[in-house]
Every structure is written in C-alpha cells, then in structure tokens.
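Presented below is the structure to which this report refers.
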Amino acid sequence: MLVRIARWCFQNPRKTVAAWIAVVLATFAAAGVIGPSFFAQLEAPESDSRNGFEVLEEHFGGFGSGLSGSIVFRSESGIDDPAVRGAMEAMFEQVDAFEGVSVTSPYLAAIPVPDTGQQTRNLPHAPGRPQVSTDGLVAFASIDLAPELDFNETSALGGEFADLVPELPGLTVEIGGEALSEFEPPQSEFIGLAFAVVVLILAFGSVMAMGLPLAIAAAGVGFGLGVAVILSNVLSIPEFATTIGAMIGIGVGIDYALFIVTRYRDGLAEDGAVEPSIFLAMDTAGRAVIFAGLTVVISLLGMLFIGLPFISGLAVAAAIPVAATMIASVTLLPALLAFVRDRIEVTRWRGLIAAGLVALALLGVGLGFRPLLLGAPLALVVLLAGFVAPPLRAIVPRRPRAPMEQTFAWRWSRLVQRHPWFALAAGVAMLLAMASPALSLQLGFADEGNYPEETTTRRAYDLLGEGFGPGFNGPLLVTAEPRTEGDRAVIEPLVATLSATDGIASVNGPLPSDFANPANAAAYIVQVYPETAPQDPATADLVDRLRSEVIAAAIEGSTLAVNVTGFVPLGVDFTDYLATRTPVFFAAVLVLSFLLLLIVFRSILVPIKAVIMNLLSIAAAYGVVAAVFQHGWMGAPIGVAAGPIEPFIPMMLFAIVFGLSMDYEVFLLSRVREEYDRTGDAVASVADGLASTARVITAAAAIMVVVFASFVFEDNRSIKMFGLGLAVAVFLDATVVRLLLVPAAMELLGARNWWVPGWLDRLLPRLTIEHGAQPDPAAVTTGGDASD
C-alpha cells in the first residue's frame with residue numbers, strides 16, 4: 001500500500017506538488033477567513049472550585065470567573081492628586097468605551113452596604129475604597145472583558161490600552177492581567193531552522209539533501225497550524241498550542257524526511273538506480289516513519305481520554321502537525337525526489353554559499369537582528385552570479401565514506417562492549433543524578449510574577465503586591481449558600497474563623513447576592529486574601545487546609561454549602577485532577593510502547609530494555625526542567641524565575657518523548673536485528689548497527705535539539721519548558737541511551753536480546769519495518785509527468 005502510494009506520487013510529481021500547494025493554501029485561506037479563537041478553558045470536573053464558580057454564575061453574574069485585567073497605577077503625590085485623578089479618569093473613560101470592556105474605577109464612590117455585620121478585618125486597602133492601597137499611593141481599575149472575546153482580541157486590547165497611558169511626573173501606569181498581556185508571534189523556530197540548515201549540510205554535504213527535509217517540514221507544519229487555527233473555534237485550544245505544534249512538527253518533519261532521504265542516498269550509492277532506490281527507501285524508512293509518526297499521534301491523542309477541554313485542545317493542536325508531516329514524508333517527498341533524482345548528490349559552490357547565507361538570514365529573523373537579514377538578498381546574488389562565474393558553478397568535492405570499522409561510532413561501540421558493566425552503571429548513574437531534582441516536583445500554575453521583568457504585566461503584578469500585599473494578586477473566593485434559616489447564623493462565625501486563620505492576611509465580607517435584602521440573600525461571598533503569592537506552595541496548602549479543616553469545623557452541625565473557589569483553588573483542583581489520571585496515562589503509553597516493539601522485533605527483552613531506558617531519559621529531562629524552572633538554577637540566562645511546573649507539562653513531555661524515542665529505537669534496533677539475522681553474531685551486530693545508523697541519528701538528534709532548544713528564547717513560560725524538556729530528552733536519548741546504555745545492555749544480554757517464546761511468536765501479528773524487499777525492476781515504470 002505504502003509503496004503504491006509512493007509510486008503514484010513519484011510518477012506524478014507535478015500533480016502531487018500542486019495538490020499539496022493547493023491544500024496548504026486553501027487551509028491558510030480558510031484559517032484567515034474564519035480567524036483564530038484561542039482560549040484556555042481550565043476546569044476541574046466535580047471539584048470544589050467548579051461548584052463555587054457555578055454559585056458565582058447563578059447568584060453573582062459570574063463575578064470573578066471570567067477574563068479580566070486591571071490598570072494599576074502609582075503616584076508619588078498620591079492617587080487623589082487632582083492632576084493624577086483627572087488624567088486617570090480620562091483614561092478609564094476611554095478604555096470603557098471599547099466594545100466588550102467594562103471598567104470599574106477606584107474613584108467611584110463606595111456603594112452603601114446595609115449593616116449585615118460585614119467583616120473588613122485587616123483589609124489591605126483604604127477603608128471604603130477596596131481599589132486603593134492604605135497609603136493612598138497605589139490604586140487599580142478593574143477591567144471586565146466580555147466572554148466572547150478570545151485571547152488574540154484581549155491581547156490586542158491590552159496594547160491599545162497601553163497607548164492611552166497618560167504621562168505625568170511621578171505617575172507610573174501598568175496594564176495587568178494575563179488576558180491583556182502582549183502576545184507576539186513566535187520567531188524562535190527560525191533560529192532552529194537556521195541551525196538545521198547548517199547541521200544538514202555538515203552531515204550530508206548536499207544542499208538538495210538539506211532542502212528536501214526543510215520543505216517537508218514547512219508543508220506539514222503549515223497545513224497543521226492552519227487546521228489548528230480553524231479548530232480553535234470549536235475546541236478549547238490555548239494560544240501557545242500552535243507554537244508547541246510548530247516546534248514538534250518542524251523537529252519530526254525534518255527527521256522523518258531525513259531518514260527517507262538517507263535511505264534513498266544509500267540506495268543510489270549501491271547501484272545508482274533512481275526508481276528502485278526511491279521505492280526501497282519508502283518500503284523501509286517510509287514504514288519506520290509511518291510507525292514512528294503514528295506512535296507520536298496516538299500517544300498525544302491518548303490525552304483526549306483525560307476528559308479536560310484544555311488538555312484535549314493542546315493534544316490535538318500538537319498531533320495535527322505531526323500527522324501532516326508524516327503524510328508529507330510519504331507523499332510529497334517522493335514527488336520532490338522525482339524532480340531531483342540523482343542530482344541530490346551534486347552540490348555546487350553557489351548553492352552551498354547561498355544556503356549558508358539563507359541560514360544567516362533565518363538566524364537574523366529569529367534573533368530580531370536586522371543586519372543578518374542581508375543574507376537573503378546576498379544568497380540571490382550568489383545564485384545569479386553562479387551562472388556567469390565558473391568557480392561558483394564548480395561541484396563541491398564529496399567526502400569519501402570511511403569503512404565502517406574506521407568510524408568513531410563503530411570503535412566507540414566496541415569500547416563500550418568491552419566494558420559493558422562500567423558503561424551501564426555510568427549511564428544509569430548520570431541519568432539518575434540528573435533526574436534527582438524531579439523528586440520534589442511541585443505542580444501548579446505560575447502566576448504573572450513569572451513574566452519577564454520588562455513587561456507591563458509583570459510590573460503591574462509587582463505594583464499590586466507592593467501596594468496591597470502579595471496575596472492580593474490571587475484572592476480566594478469563599479461562597480456560602482444557606483439551605484435553612486439557621487444556616488445564616490453560621491456565616492458570621494465562619495468569617496471570623498477565616499479572619500483568625502494562619503496564612504490569611506485579611507478578609508472582606510460577607511457580600512450578599514442581594515444588597516436590597518442582604519439578610520435573606522440566596523448566597524454570600526467572602527473575599528480571602530492570603531499572606532503569600534498565588535504560586536507559593538503555602539497558598540495551595542492554605543486552600544487544602546481551609547477545605548479540610550477550617551471551614552469544615554466552622555460549619556459543623558449546619559447545612560450551609562461552602563465552596564472555596566477562584567483561580568488559585570481552580571489551579572489546585574486542576575492539578576489534583578491530573579495527578580489522579582497521569583499515572584494511568586503513563587501506564588497506557590508504556591504498555592503501548594512495549595507491545596509495538598514486541599510485535600516489531602519479536603523479542604521480550606528488547607521492549608523491556610527500551611521502556612526502562614526511555615523512562616530514565618525522560619526522568620532526567622524532568623529533573624532538568626525542575627532544576628531550571630522550579631528551583632531557579634541557571635534560570636536567569638533564559639529569563640525565568642523559580643516557580644511551579646504547569647501540571648500538564650509532564651504528561652505532554654511524556655507522550656511526545658516516548659513517541660520520538662520510538663523513532664530512534666526502531667531505526668537503530670532494526671539495523672542491529674538485520675545484521676544479527678544476516679550473521680548470527682550478537683556482538684558484531686550491535687557495533688555494525690550502531691555504526692550504520694550513527695550519522696543519521698546524530699544529525700536527526702542534533703536538528704531536534706537545536707529546534708527545540710531555540711524555543712527557550714520565547715516569552716511564554718510553558719513554551720520554554722517544552723523547549724528545554726524536549727531538547728534535553730532528545731539529547732540524552734541520542735547520546736547516553738544510544739551510545740552507552742543500548743550497546744552495554746545488548747552486549748550483556750547477547751543472543752537473549754532476540755528471544756521470544758515460541759507460543760508467543762505464533763500469536764503475534766507480523767509487522768515488518770525497515771526490511772523492505774527490493775522491488776522488481778520490471779514492475780517499475782516511469783509514467784505520468786515524471787519526465788518533467
């Protein structure tokens with residue numbers, strides 16, 4: 001089936017390329033017409049916070065549960081200075097005029113509240129002025145945003161609000177809230193592409209062999225991102241999901257095409273025949289690409305069973321580019337090879353120099369360094385000059401291939417195999433040491449205090465903390481619904497208990513749902529301000545303590561329904577919900593990986609070894625992520641401060657890394673098995689398999705590492721985590737695992753590597769990868785428009 005598809009695409013290259021161009025352009029056009037609607041819908045089913053939000057929606061018009069922001073300002077002369085007040089009120093009026101925006105000014109007169117015994121103990125704000133600090137120097141206007149506004153629209157509004165900031169001596173104004181934070185389209189992928197160009201040329205010495213994988217990645221990622229934009233209108237897809245999709249799609253797209261092109265070039269080197277080499281490459285490396293791609297996609301889509309819209313949207317947005325690049329590798333790539341044919345081995349100096357200049361231009365785009373953009377026009381000049389300058393038309397000499405026994409990979413494998421116990425112990429010890437910071441992994445959502453210090457979002461967060469206390473950035477909302485008249489008598493003692501609880505700075509309330517008849521209101525809110533910041537572990541501990549101890553004791557003997565809600569409790573519940581399902585997901589991925597490798601290699605020990613080694617490498621990646629992002633070690637160079645690890649990061653990393661590691665696992669072990677089947681030598685087959693795959697695996701891993709690592713320069717903290725985690729995992733998988741653990745373990749196991757019980761061998765289905773047969777030359781014809 002795969003070969004038939006590849007044969008049609010090879011024989012009809014113009015139609016195939018035109019179809020891909022049409023599909024990508026149509027997807028982009030549809031995405032442009034429909035537009036994006038990215039929205040991160042966090043929810044924790046059947047949780048205390050969700051019940052609380054339902055109370056807020058039913059009785060308080062959704063107070064505190066929708067998208068919001070703030071305009072935070074500080075005046076050295078006080079916020080009531082006539083000039084300051086006039087300028088700020090004028091700004092509030094302008095902001096309030098935007099469609100879908102409602103502003104609550106700190107200068108509004110306090111709403112008279114009937115005497116309900118309302119508690120306002122140790123308030124962090126001026127009496128009767130909840131949006132003004134006690135010293136009168138800091139204040140904020142709250143901004144409520146209409147629910148139909150998506151993140152792109154609210155981010156654009158934040159930029160427009162910033163343009164309205166008045167300029168007065170001693171006045172500082174910042175725009176706060178994640179919804180209003182600045183969102184810039186990511187450009188870090190251009191850094192990865194620039195390095196990919198260099199790595200491909202250095203590894204293969206061919207400009208065309210470099211260009212084909214980049215073209216496949218561009219087509220697959222372009223289609224995938226367009227589909228993700230369209231789906232954002234029907235799924236809860238966070239705005240950073242497309243960046244993650246691009247990151248993964250570029251990495252795997254280049255890798256998949258690289259494996260096929262490498263196998264094609266190997267075929268050319270053997271007999272020089274183009275058509276048989278293409279079909280053999282598709283029947284071997286193409287099968288491995290389908291296997292690896294489906295593994296990644298299935299692992300990602302497995303997260304749909306978690307049952308959270310946020311996780312489902314993230315998984316779909318990441319899986320689509322992978323699926324698209326996989327399909328492009330087995331359809332578009334044969335068509336492009338039909339145009340290139342054996343010219344893939346010919347590189348002229350003009351092409352080599354132009355490729356280097358294009359890499360500089362891509363680096364300039366990624367770094368925002370304009371002088372490097374001159375590389376693009378200079379590349380065009382070099383290409384044109386090549387038509388009149390004979391030296392530029394000259395062919396770059398090809399490097400001769402060294403005999404396998406003289407390669408570094410072969411000699412290294414032999415060295416490891418001579419000292420297998422030492423190599424195994426050293427590799428395991430290294431990975432365990434790197435994984436150790438993950439033992440104290442703190443899951444949770446980082447607050448706006450983790451934004452870069454130069455952003456207005458971070459400065460607004462710091463101003464609020466300075467004026468009102470750190471807990472003011474993440475107040476807890478305690479909702480109370482009386483079931484009987486006797487329950488109302490419990491509310492005041494509850495508020496008093498909250499006020500006296502350790503870890504609470506102040507309490508405001510109870511605020512009735514009906515100010516006209518507060519004594520008989522259907523529900524009440526108590527605003528609780530912790531002493532600690534939203535992302536501080538002590539705040540999460542406070543939420544748990546309030547629910548399990550403080551509130552339970554205060555309402556004992558009554559039927560009062562009390563919920564602790566707000567965005568901090570929601571984060572706690574979301575994390576707890578994922579924590580109960582993540583182990584099940586991990587187990588499912590592990591079992592799937594084991595079964596697939598069992599079927600492919602018909603071995604018991606090889607899948608067990610692969611699963612254990614992959615667990616070690618991903619644990620080490622978790623450790624590095626925890627060290628940098630949670631503990632703050634070496635975080636300054638990439639602009640991050642210590643904070644919790646987003647709860648969905650480990651799950652996503654696990655799914656992606658296991659899928660990617662299967663790629664290398666199949667590519668390496670299939671060659672080892674091939675040598676073992678041919679020679680029966682369990683020792684030499686390991687060295688030969690490692691040596692024959694070292695160059696392509698090293699190049700593929702190097703490309704993935706630089707592509708993933710380039711994303712640590714993005715502003716979004718989650719994207720930085722993904723970039724660093726994936727880069728570390730791939731690096732360790734291609735070095736410590738493939739160069740130390742695999743040859744050492746296979747040396748120790750010997751022929752037992754390929755043992756499988758006879759009864760199990762008879763039960764297992766046949767799935768052949770990387771063992772395609774040479775097609776019959778008589779069956780290979782060149783038709784359609786291939787001659788073009």
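The values are calculated or read from the model by the stated rules, or taken from the named source; none is laboratory data. Quick caveat, the model's predicted, so the values are computed rather than measured. Cβ sites come from the backbone with ideal geometry, for glycine too, and all protein chains shown count toward neighbours. Heads up: the accessible areas ignore ligands, DNA and RNA and are worked out on the full protein's heavy atoms, side chains in. Shrake-Rupley method; radii C 1.70, N 1.55, O 1.52, S 1.80 Å.
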Fill in the blank from the handout: Summing +1 per Lys or Arg and -1 per Asp or Glu among the other residues with Cβ less than 14 Å from Ser558's Cβ gives -3
Exercise for the section: In debye, nearest 20, what is the charge dipole magnitude of region 1-105 about its Cα centre with +1 on Lys and Arg Cβ and -1 on Asp and Glu Cβ, if you could check? Expected result: 1580 debye
Problem - Surface accessible to a 1.4 Å probe, Asp536 within the full protein complex, Å² - result: 60 Å²
Completion exercise
log10 I(q)/I(0) for region 616-748, Debye formula on C-alpha points only (no solvent), q = 0.12, 0.15, 0.18, 0.21 Å⁻¹, two decimals, reads -0.52, -0.72, -0.92, -1.13
Exercise for the section: Can you list which of the chymotrypsin sites (Phe, Trp or Tyr not before Pro) found in region 513-596 are DSSP loop residues with at most 13 other C-beta atoms within 10 Å? Expected result: Phe515
Problem - Summed side-chain charge close to Ala489 - residues other than Ala489 whose Cβ falls under 15 Å, Lys, Arg +1, Asp, Glu -1 - result: -3
Problem - Spin-label pair Leu304/Asp761, simplified geometry with 7 Å Cα→Cβ offset, distance in nm - result: 3.8 nm
Completion exercise
In nanometres, the difference between 0.36 nm per residue of separation and the alpha-carbon distance of Leu384 and Arg343 is 12.8 nm
Practice task
Please give the helix 349-367 orientation as an angle from the longest Cα principal axis of the chain, in degrees from 0 to 90, rounded to the nearest 10.
Solution key: 10 degrees
Completion exercise
Per its Cα gyration tensor (rounded if a/c is under 1.5, else prolate when a/b beats b/c, else oblate), region 248-367 is best filed as oblate
Practice task
Consider the candidate values (1) 29.2; (2) 31.7; (3) 37.1; state which one is Kirkwood radius over Cα pairs in Å computed from the structure displayed.
Solution key: (1)
Completion exercise
In degrees, nearest 10, the alpha-carbon axis of helix 274-301 is tilted away from the dominant principal axis of the alpha carbons of the chain by 20 degrees
Practice task
Could you work out how far helix 485-499 tilts from the main Cα principal axis of the chain, as a 0 to 90 degree angle to the nearest 10?
Solution key: 70 degrees
Practice task
With +1 on each Lys and Arg Cβ and -1 on each Asp and Glu Cβ, and nothing else charged, work out how big the dipole of region 174-280 is about its Cα centre, in Debye to the nearest 20.
Solution key: 320 debye
Exercise for the section: Within region 423-510, list the trypsin sites (Lys or Arg not before Pro) lying in a DSSP loop whose Cβ has at most 14 other Cβ atoms in a 10 Å radius. Expected result: Arg483
Practice task
Assuming a ≥ b ≥ c are the square roots of the Cα gyration tensor eigenvalues, decide whether region 182-232 counts as rounded (a/c under 1.5), prolate (otherwise, with a/b larger than b/c) or oblate.
Solution key: oblate
Handout entry: Net dipole in debye of the chain [+1 Lys, Arg Cβ; -1 Asp, Glu Cβ; about Cα centre; nearest 20]
Key = 4700 debye
Problem - Cα→Cβ-extended label distance, 7 Å offset, between Ser548 and Thr455, nm - result: 3.3 nm
Completion exercise
Given a Förster distance of 30 Å, the FRET efficiency implied by the Cβ-Cβ spacing of Glu405 and Leu432, rounded to the nearest 0.05, works out to 0.35
Exercise for the section: Please list 741-749, 149-157 highest first by mean number of surrounding beta-carbon atoms within 10 Å per residue. Expected result: 741-749, 149-157
Exercise for the section: Give the calculated FRET efficiency between His419 and Ala561 to the nearest 0.05, with a Förster radius of 56 Å applied to their Cβ-Cβ distance. Expected result: 0.25
